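Novice: Dumping the structure here so I can ask a few things about it.
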């Protein structure tokens, strides 16, 4: 088997991709690992494609494509899925990503749970487990390793077919216990214990990569994702690569201020949109409404209170709708700033906050952006809803692993 | 070293892509977790592509003692999984009609009754030919919905035209084409067994040059964000799926404590939320 471990190949920058790594790709001197990654990524976003169309879309020569596709078939990453007629009379063989042979695993550290997700190469979920854990308790490497062993054993996934593990967590509030550094320090030990590469990323960024991968977004698109939860994050994918910033904190949409003298935020700024539009802020607002308080079960956990509000809102409760729509208005203000700063072409809403009431946020963002996006007269901006908003961060973590393994060059070594 | 958490298993037999499309299971799982997580119990979901793999999974879990209980979903009449988990000695709860559970505890949703409600809702609005695009008839809950719809249509003298899908959007498109071409007459309203098939149906209805709801009314089962965002927004048979999950979580904890308990936990009633797709 070829060495495609993310830990070894992912530090390449776009320019270095052009340089063949030699050892691992001896058979394809004409086309470096960047070409292989490019082909996988174009096949992924096309769903099915012929070799001829691949040549058109990638600019690679037919012989290079034939060699790379042959290798990808031998490695179980791509398979032929039949033929289609063509105008010249010769049937064209179609190829697609072969989902079933290899898997990526993602761990999402939530406030009181660890969500484990395993996906196939197309991003389809093959298993997930939610494990209770103590609040704010980062598990040591040996405990995470045991969870990994248990989870993959229960799903009966052979270790040799698992491409790696990515662990994702919210970016810590400045001055709070530093999850990001802790995870980075755990990384080497965890890799040793489980014998597959380990990546570390912030949860909203991972969620964006997951949506990019499983929705088959083309690398030509300037893609962004809003992750709505107890905080608000964003992830950005440009040219097929997740934008990582200098460290762990890219895409902190929740700390875009929508009011220069607004509510104070623990981050140090005033008016951060997270103080107005996170699921926590929405639950606070609803609990202050005596009518809602009397009508809805808001005294339990914050997540069950939020779901009660969301359900009532979409079932026609005007006060519940008003609370969520107000949050959506606040979020729209920050979304316009992000869209304008980056000139996005496609935006997906995800995270537990949009699981039940995503339609309210999507409608409000569409309306608002159609009036405020700076580029609105030059190009359209699609605003879509995630198909699996509750598990998006865990799925995204697993997608980081899959991308690093089969379309490398875009996932960095995650701050070794 | 912390104690090993106890684990509840749930196997879903379907293509992983279909799971990705089904908000029902996401909300059901969320509800289960709301009860299991505070009790220190983890929930494991495994997606398999066929029944044989599902059976093998229960056997593996039992042999390696990997789960303390299982939640069974999508049962057929006389389902072989019920005697299987009993033989394996795994505490189990069935999501479905008590008639399929052979004495196992069940979380019961009155599928026949809700289907009658949906047909009655349309009859009261003057529809006389009603379509029903169902899920796989292999499932007991599908059969109960079909029977409920037939009973209500029969009592009210309506014509019911039916087609079977597999819950995917594409199957909704195809089943809708069959229903609209039915020899018994073109329905002026169609009930779908889930949200994704209803969304597929919207495409087909439009492709035929028909308008929703002026020519054909549409009712989805399982409300979802996609139903609400559809144009027109879909009227839906909405039930509190998260609550059904919470009942399931409580039931499985009870079953793990006392494997003999054959309780029926009744889910809250579903109701139609009227939006723009029905007249």
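The numbers here are math on the coordinates, done by the rules we state, and not lab data. It should be emphasised that the depicted structure is a prediction, and the values quoted were computed from it without experimental measurement. Note that we place each Cβ from the backbone using ideal geometry, even for glycine, and neighbour counts take in every protein chain shown.
Novice: More than 31 angstrom separation, counting every C-alpha pair in chain B; what % is that? Write down the numbers at each step before the final one.
Specialist: Working: 11149 of 38781 pairs.
So the portion of pairs separated by more than 31 Å is 29 percent.
Novice: Would you mind getting the Kirkwood hydrodynamic radius of segment A:295-410 from its Cα pairs, rounded to one decimal in Å?
Specialist: Values: mean 1/r = 0.0632 Å⁻¹.
For segment A:295-410, inverting the mean 1/r across all distinct Cα pairs yields 15.8 Å.
Novice: Compute the FRET efficiency between residue A:146 and residue B:65 as 1/(1 + (r/R0)^6), taking r as their Cβ-Cβ distance and R0 = 22 Å, and round to the nearest 0.05.
Specialist: Numbers: r = 16 Å, r/R0 = 0.71.
Rounded to the nearest 0.05, the efficiency is 0.90.
Novice: Still on this structure, please answer the following. How many percent of all Cα-Cα pairs in segment B:46-91 sit more than 14 Å apart? Before the final figure, lay out the partial values.
Specialist: Working: 481 of 1035 pairs.
Summing the P(r) tail past 14 Å for segment B:46-91 gives 46 percent.
Novice: Counting partner chain Cβ atoms within 10 Å of every residue's Cβ in A:311-320, what's the average? Intermediate values should be presented prior to the final figure.
Specialist: Working: counts 7, 0, 1, 10, 6, 4, 0, 0, 0, 0.
Whole-number average of other-chain Cβ neighbours for A:311-320 is 3.
Novice: Could you give the angle, 0 to 90 degrees to the nearest 10, between helix B:111-123's Cα long axis and the longest principal axis of the Cα atoms of chain B?
Specialist: The angle comes out at about 20 degrees.
Novice: Per residue, what volume in Å³ does the Cα convex hull of segment A:129-175 take up? Let's see the in-between values first.
Specialist: Numbers: hull volume 4.8 nm³, N = 47.
Output value, Cα hull per residue: 102 Å³.
Novice: No solvent, one uniform scatterer per C-alpha: report log10 I(q)/I(0) for the protein assembly as shown via the Debye equation at q = 0.05, 0.09, 0.10, 0.12 1/Å, two decimals.
Specialist: Values, matching the q order: -0.24, -0.81, -1.01, -1.46.
Novice: On the Cα set of segment A:88-171, report Rg and Dmax in Å, please.
Specialist: Gyration radius and largest Cα-Cα distance of segment A:88-171: 16.8, 64 Å.
Novice: Mind ordering B:192-201, B:34-43 by average Cβ neighbours within 10 Å, highest first?
Specialist: Numbers: B:192-201: 27.6, B:34-43: 20.2.
Order by mean packing, descending: B:192-201, B:34-43.
Novice: Still on this structure: May I ask what percent, to the nearest 5, of DSSP beta bridges between residues of chain B are antiparallel? Write down the numbers at each step before the final one.
Specialist: Details: 3 of 38 bridges.
That works out to approximately 10 percent antiparallel.
Novice: Give the percent of DSSP beta bridges with both residues in chain A that are antiparallel, rounded to the nearest 5.
Specialist: Working: 30 of 49 bridges.
In chain A, approximately 60 percent of DSSP beta bridges are antiparallel ones.
Novice: How far apart, in nm, are the 7 Å Cα→Cβ label points at residue B:266 and residue A:270?
Specialist: According to this spin-label approximation, the distance is 5.7 nm.
Novice: Quickly rank A:113-119, B:126-132, A:137-143 as a protection proxy: mean count of other C-beta atoms within 10 Å, highest first.
Specialist: Values: A:113-119: 25.3, B:126-132: 21.1, A:137-143: 15.6.
The densest-packed peptide leads the list: A:113-119, B:126-132, A:137-143.
Novice: Sorted from largest down, give the three principal axis spans of the alpha carbons of segment B:121-279, whole angstrom values.
Specialist: Sorted from largest, the Cα extents of segment B:121-279 read 57, 34, 28 Å.
Novice: Based on the alpha-carbon gyration tensor of segment B:55-133, what equivalent-ellipsoid semi-axes (square roots of 5 times the eigenvalues) come out, in whole Å, largest first? The partial results should precede the final answer.
Specialist: On the way: eigenvalues 270, 25, 19 Å².
Semi-axis lengths for segment B:55-133 are 37, 11, 10 Å.
Novice: Nearest 10 degrees is fine. How inclined is helix A:358-372 to the longest principal axis of chain A, computing both from alpha carbons?
Specialist: Helix A:358-372 and the main axis of chain A meet at about 90 degrees.
Novice: Let me ask another. Just report the Cα centroid separation between segment A:165-192 and segment B:109-123, whole Å.
Specialist: Going from one Cα centre to the other spans 51 Å.
Novice: Jot down the per residue volume, in cubic angstrom and as a whole number, of the convex hull over the alpha-carbon atoms of chain A. Numbers along the way, then the final one.
Specialist: Details: hull volume 65.1 nm³, N = 416.
Residue-normalised Cα hull volume stands at 156 Å³.
Novice: Considering only the protein assembly as shown, what is the antiparallel percent among its DSSP beta bridges, to the nearest 5? It would help to have the intermediate numbers written out before the result.
Specialist: Values: 37 of 91 bridges.
If we restrict to bridges inside the protein assembly as shown, about 40 percent are antiparallel.
Novice: Please compute, for peptide B:42-51, the average count of beta-carbon atoms on other protein chains lying within 10 Å of each residue's beta-carbon. All intermediate terms of the calculation are to be shown ahead of the outcome.
Specialist: Working: counts 12, 6, 10, 9, 9, 8, 4, 2, 0, 0.
Mean partner-chain Cβ count within 10 Å for B:42-51: 6.
Novice: If one puts a single equal scatterer on every Cα of segment A:219-386 and applies the Debye formula without solvent, what log₁₀ I(q)/I(0) results at q = 0.19 Å⁻¹?
Specialist: -1.21
Novice: Restricting to Cα pairs below 8 Å that are 6+ residues apart, what does the relative contact order work out to for segment B:111-238? Please round to a whole percent.
Specialist: Numbers: 260 pairs, mean separation 29.9, N = 128.
So the answer I get is 23 percent.
Novice: Let me ask another. More than 15 Å apart: what percent of Cα pairs in segment A:171-214 qualify?
Specialist: Numbers: 525 of 946 pairs.
Across segment A:171-214, Cα pairs with separations above 15 Å total 55 percent.
Novice: How far is helix A:302-314 tilted, in degrees, relative to the longest principal axis of the Cα atoms in chain A, given as a value from 0 to 90 rounded to the nearest 10?
Specialist: So the helix axis and the longest Cα principal axis differ by about 90 degrees.
Novice: Ranking request for peptides A:373-381, A:396-404, A:155-163: highest mean number of other beta-carbon atoms within 10 Å first, then the rest in descending order.
Specialist: Details: A:373-381: 12.6, A:396-404: 31.4, A:155-163: 15.8.
Packing order, densest peptide first, comes out as A:396-404, A:155-163, A:373-381.
Novice: I'd like the mean, over residues of B:224-237, of how many other protein chain beta carbons sit within 10 Å of each residue's own Cβ.
Specialist: Details: counts 7, 16, 5, 2, 10, 8, 1, 0, 0, 3, 0, 0, 2, 0.
What the average comes to for B:224-237 is 4.
Novice: Sticking with the crude label model, points 7 Å out along Cα→Cβ, report the distance from residue B:55 to residue A:47 in nm, one decimal please.
Specialist: About 3.4 nm, to one decimal.
Novice: Rg and Dmax of segment A:43-151, using alpha carbons, in Å: what are they?
Specialist: Taking only Cα atoms of segment A:43-151, I get Rg and Dmax of 20.1, 64 Å.
Novice: Normalised by the empirical 2.2 N^0.38 Å for globular proteins, what value does the Cα Rg of segment B:87-203 take? Don't jump to the answer; show the numbers that get you there.
Specialist: Working: Rg = 15.6 Å, N = 117, 2.2 N^0.38 = 13.4 Å.
Normalised Rg, Cα atoms only: 1.16.
Novice: State, as an integer percentage, the relative contact order of chain A based on alpha-carbon contacts under 8 Å between residues 6 or more apart.
Specialist: Details: 841 pairs, mean separation 83.2, N = 416.
Relative contact order for chain A comes out at 20 percent.
Novice: Rounded to the nearest 500 deg cm²/dmol, what is the calculated helix-only ellipticity per residue at 222 nm for chain B, with -39500 (n - 2.57) per DSSP H run of length n ≥ 4? It would help to have the intermediate numbers written out before the result.
Specialist: Details: 10 runs with 118 residues, N = 279.
That comes out to -13000 deg cm²/dmol.
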